[in-house]
Amino acid sequence: MFEVMLMLKIILISVLISVVLSSAITIFAMRIMSEFITRFLTQTEDRFDQKLGIYKQLKEHDISK
């Protein structure tokens, strides 16, 4: 009986450790991905703004001719 209880405790502890570790890994991965996506969108937005600035300058240059 004691051996069965000990086995159940070990199994329960290992399951809890597994759940905690997998949750921590998932949260960590989501943070990394969100930082990467935020950085990518910011750089894309900056490039788009630069292109718009170039297009505005070209349009103003064409109008002034």
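Only the coordinates and a few stated rules stand behind these numbers; no lab work does. The structure displayed is predicted, hence computed values, not measured ones. Cβ: placed from backbone, ideal geometry, glycine included. Neighbour counts: every protein chain shown.
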Seminar exercise, completed: If unit charges are put on Cβ atoms (+1 for Lys and Arg, -1 for Asp and Glu) and the dipole of the chain is taken about its Cα centre, the option from SER34, VAL15, MET5 lying farthest towards the positive end turns out to be SER34
Exercise. What Kirkwood hydrodynamic radius, in Å, does the chain give when the mean of 1/r is taken over all pairs of distinct Cα atoms and then inverted?
Worked result: 16.8 Å
Exercise. What angle do you read, to the nearest 10 degrees and between 0 and 90, between the alpha-carbon axis of helix 2-64 and the longest principal axis of the chain?
Worked result: 0 degrees
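Can you compute the charge dipole magnitude of the chain about its Cα centre, using +1 on each Lys and Arg Cβ and -1 on each Asp and Glu Cβ, nothing else charged? Give it in debye, rounded to the nearest 20.
160 debye
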